[in-house]
Structures are given as C-alpha cells and as structure tokens.
Amino acid sequence: MQKFYFLAAFMLLVTGAGAQDYRFGKVSVEELQEKNHPQDEEADAAILYRSQSVYYEYSEHNGFTLVTDVHERVKIYTKEGFDWATKEISYFQNSNDEEKVTSIKGYTYNLKDGRIKDEKLKGNGIFEEEESDYRLTTKLTMPAVQEGSVIEYKYTLRSPFVTSIDDTPLQNLIPINRLEVRITIPEFLVYRKYLNTKSPLNLPISQGTKPFLHLTHSTNSNADRLEFLQNTYEINASDVPALKDEDYVDYLHNYAAYIKWELISTRFPNSMIKNYSVSWDDVAKGIYDDGGFQKEVSRDGFFKKDVDKIIEGVNSPLERAALIYSYVKEKVKWNGYYGFTAENGGKSAFQSGEGNVGDINLLLTAMLKYAGLNASPVVVSTRNNGIPVYPTRNGFNYVVSAIEMPNNNNILLDATDPHAAIGELPSRARNWQGRIIRENETSEWINLNPQVLSQETSILSYEVGEDMVLRGKSISVENGLFAKAYREKFGGLNDQSLLENLEKGKGNIKVSEINQENLKKVGEDVKETYDFELQQGMDVINGKIYLKPFIFNGLAENPFKADERNFPIFFDFPMLRTATVNVLIPEGYEVESMPESLITTINGGEGEFKFLANQNGRFLRLQAEFGLKNIIFLPSQYQALKEFYAQMVEKQSEAIVLKKTI
C-alpha cells in the first residue's frame, strides 16, 4: 500500500490535466459513456474535477470577507454511487453573524439517443437545515440521477469570520481525476499550515506571493490606494487515489490528505501585532472563563432540593455519583446536538427535560460537585471531528464529566447515553484523549480509552440426537461494554424481533424459551438464555459424523484478509471472550479425532488465545478464550495479528469426527 501511494504521488507530479475541458457546463460525451473508473474499477463514483479557491475580498464598508468558491464534477457509475449526487455544505453561525452560501448552480447530465441532455438543479432540490445554534447545512439534491450520470455544481461560501480558514480537503472516499486548489491570504494574516501526517499521500504545494490593489474613491475624487502582498498556496494534481476503507479503523477521515490552517498572528497597518498562537492551558482557561464552564458548574440553586433528596443517607462517594448519574440520564434527554458549551444552559435543560451535550454533562458536573465529589468537565473531540493538531478551542466539539479519585483514577461519565454505566463512554467520545479543566483553571490531558476489561462468557450445551438434530441450551453473560452493546442492539426489540435476531445467520435453527435478565439495569451484567434445535448442523459422510462443535458461537471468519495494512488497527475496548461448548455424543458412537489444545499469544502477551479440548466418556468439553489487553496495533504488526486471528479461526472451525462403535 505504501508503494501504491508513493507511485500515485509521483504520477501527480508528472501528469497534467491534458486536453480535458473542466469549464462549467463543458461535460463531454466521453465522460457520460465511461462505464467504470480507469484506475479504480471498484469505484461507484468519481470526482472528475474539483476546484476550490479560497481568497479575501475587500470593501470600504465591510472590510475583509473570506470567500470560498467550489466547483465539482462527479461521475456516477452505479446505483451505490447515488449518494454522491447529494452534496452537503456545512457552515458556521453565532449570535452576531453567520456564513452564507450563495451563487448555487447545478446540472445533471445524461446521454439520451447519443446526445447530452441536462437537467437543472432547481430551488426544490436545495434544502437549508439548522444542525445546532452554531452549525448550518445547505443540501443540494441533484435531479434526474441514474447510472452513468455526470453531475456538476458550483457555489460560493462567504464568511465574515476572516481569521478562521476551514480545513482544505485533498482526498475523498472516491478517486479524484483532477484537483485544483488555490489559497490566497493577505500578508496581514499570518497562518501556519499543517499537513495530515497520518496520511500516506503527500501532494506537492507551490507557494508564492502576488500583489493586491484596491482603489478607494474619496469625496474629493482622489483615489486612495490599498496595496499589499498576498501569500499564495496552490495544488494541481491528477489521479488522486480514493481513501480506501479498512476494518477496525477509528475514523477513516483521520487518514485522509488535508491541510489545516492555524492563525498565528495579525499584522495590520498602523496596528500592533496581535498573537493568536496559544498553549493548551490558554485554550482551557479561555473555555472555562468564556465558554460558560465557570457559570454552569457553579450554579446549584435550582437543583439543590432534588439532589439532597437523592443522596440523603448515602455516604459512599461512588454510590452518590451513581445515583446522581442515573437521575440526570432520566431527568434530561439528549436532543442529538453536540457541543462543549451549554446551548440553553443547565437550568433550562433541567426544567425542560432536554438539552445538548454541553447542557447535560455540565449539569451533571455541577450536581456531582454539589454532592462533594471532585468533578470537572473534560472537553473532547469526537471521532468524526478528528484529533486536534494544535492548541485551539475549535478542536473540541464535545464534553464529558470526570470524577478524580484519591487513587489517581478518573471515572468518566456521559449522561447523554442511556446505555452507558458509570465509568463508560459512548464510542463517539472515546477518541484518544480529552482535556480536563478544573475549577482552579489548571488542565491536563486524560486518557479516554477504556482501561477496564469487559467480559463476554457464553456456554453452549447440546446433545447430538439419533436423528442428527442438535438440541440444547445457550447461556451468555455480558459484562461492561459488552453489556452496553447488547442493550443497544436488543434493548428496544419486541419478542418477535428478538426471536428473528437470535435465529438470524444460524442456519436451520428453531429458538425457544428466550429469557433476558438485567436488560434495563444499566451497570449490571446482562444474562441471556434460550433453548434451540439445529438441523443440518453437521455432516454425515460414509457413516461418520463431522461436527464443528462451536456451530454458531465461534469465530468463523478472519476479519483481516488484505495482504497488507495501511492504517492502525483499533479495537473498541480491552476484552476477554470465553466460549465453552459441552457436547453429549450419541450412543453407539465414539471419538475418532477432535481438535488439539493450543495456547498462542501476540505482541508479548497483549493478546492471548487459549483453546482447550477434553473428553470424559460421551461428554466432550471445548473452550476458546480470547483476551485482548491492548486495543491499538500498528500497521507493522498487521501480519502478526492476521496470523493470530487465522489460528483462532482454524481452531474454532476444526471438526470433531465421530465413528460408530459397531
């Protein structure tokens, strides 16, 4: 894979745009006739052309405006590529001003009877939505899309927030045939650019300067000159490869090629130089003082009576925390909006019963502090927001609560997730590390990854009937984040849906007598039991029975199939999975062969697999135990991990061979 990206980057340097006409509306018959992408035959769509130009306009009345012009032409190859015919443009607003999307223009092109037919994007295909108090979205839904279509659109984003340039994307999930990017910044604004070091793709950037001249006509008809230099950055590339998905990736776009822009300082004429580059401590202090944390976590008058009643007679700090945590989850429901600041305020959320992430978890922190616990907010960047690469409050979009215990252990809580127990975070918030911000305005990084082992224990006990039907019982116990995942999957199902889910993918099976324990008791182990009859669960060849004992309860397939790996491998949490099988073989049969025991490890014991097989008369007992202490493996460890999983699959797929005793 690394060789592929090196070759791709080399081709970008030497390949030009050729004779292709990328002017808006100049779609060719050849583009419409193309059946698949010449370099990536698996692509469902491709960006034939993307142009992004970022620059500053100046007027006497408004000063500078940050402008972004975007033009894209996209080829749709398959029905699976239809999603690329919808474009979402996300932009920012605050209480004083907002960005605006203007000059939208779009067409869909199809080939009919050998001639190009175009369909214009009309007003009923343009939708504006308010995601939160701070984020707006304009959605373009292109008309008349079919397999083979080419869609094309352009728009302009105008922003009054001149000191904040959005990330510049250089790669996507589909290939880009031609990419042209131009960033032009006045010399008064000093930016530092960051390329994504996690991306194996490195595109060359041309840097230079060019003059800017603006003439202002005064009342005496004399023209005043505004003249300065602009710093320019250009990327002109062809055949940018698609960002290919891989299993067990934390967030795929973390590995895309892009540029981040950090404002270092402003140096306007006749003004002092103003520095914007700050430390993480400065960011934390600013969030606590200006982001509303100080106000939100210190207000307690509106909930005192309620909390006093909840914790009355409870002395244990952890018991107090658990009671308050459950109360907040029940009292205030999450409205689906992110944000580390309180959108409406804890008091309003408490009274209305609904709030964003900031409303709920800052309210939780305030209640925990009132109850005598050493609680503080922790600002987080969710997985789909990436990992901040330089100190900025814009690097965060989420907040959770942390209780700092005397033994230096942090207990993390997120009351927006109804299925999360105390000490558990939803996967969206488990993104490397967060910044805890204390009341005394000190701050530090804390680990967000789970540290406690979650366990899953399953037992299959069955007999092989004379009619060759397997009849038995399944028992499983889920602990920790396994229990959380079970509640998320099965918690809202009715009896029929639960039955269908349990029978799905298990062959010719009939499940009955289903029972679930502690399903609604968050924090408790979940226990599931059911009886089953499985037909065609074995093979009979020449009078011998070939039985794979784990039937539907083992690891049947290696998730790591690729020859090589480009991105790190992320597992959700440390785990211990134990699968036990008890088999009663039929009378008149004996064991001819059965799998042998095995113990294997990976990376010095960070992963371990134990397989044990025993026989006692007609009773067979097999156990597969998989333990994982480390949840992150580097691409250089991929081959070892792939082989480790191959051994697990092989052992759990081996058959017991039974032969007749007579």
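The values are calculated or read from the model by the stated rules, or taken from the named source; none is laboratory data. Predicted, not measured: the structure shown is a model, and the values here were computed from it. In this analysis, Cβ positions are derived from the backbone assuming ideal geometry, glycine residues included, and neighbour counts consider all displayed protein chains. Only protein heavy atoms, including side chains, enter the accessible area calculation; ligands, DNA and RNA are left aside. Shrake-Rupley method; radii C 1.70, N 1.55, O 1.52, S 1.80 Å.
Quick one: plug the Kirkwood hydrodynamic radius of the stretch 29-186 (C-alpha pairs) into Stokes-Einstein at 37 °C, 0.692 mPa s, and report D in µm²/s.
Taking Rh from Cα pairs, D becomes 193 µm²/s.
So what are the ³J(HN,Hα) numbers for the stretch 171-187, from phi and the Karplus equation (6.51, -1.76, 1.60; θ = phi - 60°), rounded to whole Hz, Gly and Pro as x?
Here the 3J(HN,Hα) series is 8, 9, 6, 10, x, 10, 5, 9, 10, 10, 10, 9, 10, 10, 10, x, 4 Hz.
What's the whole-number percent of alpha carbon pairs in the stretch 401-442 lying beyond 16 angstrom?
Result for the distance tail: 42 percent.
Hey, how much of the P(r) for the stretch 368-514 falls beyond 20 Å, as a percent of Cα pairs?
When all Cα pairs of the stretch 368-514 are counted, 61 percent exceed 20 Å.
Give the carbon-plus-sulfur fraction of the accessible surface of the stretch 79-129 in %, rounded to a whole number; probe 1.4 Å, heavy atoms of protein chains only.
41
Given a Förster radius of 22 Å and the C-beta distance between residue 194 and residue 53 as r, what FRET efficiency does 1/(1 + (r/R0)^6) yield to the nearest 0.05?
Result of the calculation: an efficiency of 0.60.
With no solvent and one equal point scatterer placed on each C-alpha of the chain, evaluate the Debye formula and give log10 I(q)/I(0) for q = 0.10 Å⁻¹, two decimals.
-1.17
Using alpha carbons only, how many angstrom separate the centre of the stretch 125-172 from the centre of the stretch 604-635?
Value for the Cα centre distance between the two parts: 49 Å.
If R₀ is 30 angstrom, what is the calculated FRET efficiency for the pair residue 35 and residue 244, using the beta carbon separation as r and rounding to 0.05?
Once rounded, the FRET efficiency stands at 0.90.
Run the paramagnetic zone check for residue 657: 7 angstrom along Cα to Cβ, then residues of the stretch 567-596 with backbone nitrogen under 14 Å.
590-596
Within 10 Å of each candidate Cβ there may be at most 13 other Cβ atoms; applying that plus a DSSP loop requirement, which chymotrypsin sites (Phe, Trp or Tyr not before Pro) in the stretch 84-147 survive?
Within the stretch 84-147, no chymotrypsin sites (Phe, Trp or Tyr not before Pro) qualify (loop, at most 13 other Cβ atoms within 10 Å).
Rounded to the nearest angstrom and ordered from largest down, what semi-axes does the equivalent ellipsoid of the stretch 369-451 get from its C-alpha gyration tensor (root of 5λ)?
20, 16, 11
If I model the stretch 324-397 as equal point scatterers sitting on the Cα atoms and use the Debye formula, what is log10 I(q)/I(0) at q = 0.19, 0.21 Å⁻¹?
-0.79, -0.91
Given a 1.4 Å probe, how much area per residue of the stretch 518-618 is accessible, in Å²?
52
Long-range amide H contacts for residue 258: which residues qualify at under 5 Å (H placed 1.01 Å from N, peptide plane, sequence gap of 5 or more or a different chain)?
The answer is 170, 196.
For a quick check of your reading of the filter: which GluC sites (Glu not before Pro) in the stretch 418-514 sit in a DSSP loop and have no more than 11 other Cβ atoms within 10 Å?
466
May I ask you to give the percent of accessible area on the stretch 523-592 that is carbon plus sulfur, with a probe radius of 1.4 Å?
That fraction is 40 percent.
How would the stretch 265-312 be classified by its alpha-carbon gyration tensor: rounded, prolate or oblate, with rounded meaning a/c under 1.5 and the a/b versus b/c comparison settling the rest?
Cα axes put the stretch 265-312 in the prolate bin.
Based only on Cα atoms, what Rg/Rh ratio does the stretch 147-254 have, Rh being taken as Kirkwood's radius?
Reported Rg/Rh, Kirkwood definition of Rh: 1.09.
Taking the alpha-carbon distance from residue 347 and a cut-off under 21 Å, which lysines remain once sequence neighbours fewer than 8 residues away in the same chain are dropped?
295, 304, 305, 309, 329, 331, 333, 369
Please label the shape of the stretch 208-298 as rounded, prolate or oblate, based on the square roots a ≥ b ≥ c of the eigenvalues of the alpha-carbon gyration tensor (a/c under 1.5 means rounded; beyond that, a/b larger than b/c means prolate, else oblate).
oblate
Got a number for the accessible area of residue 601? Probe 1.4 Å, square angstrom, nearest 10.
80
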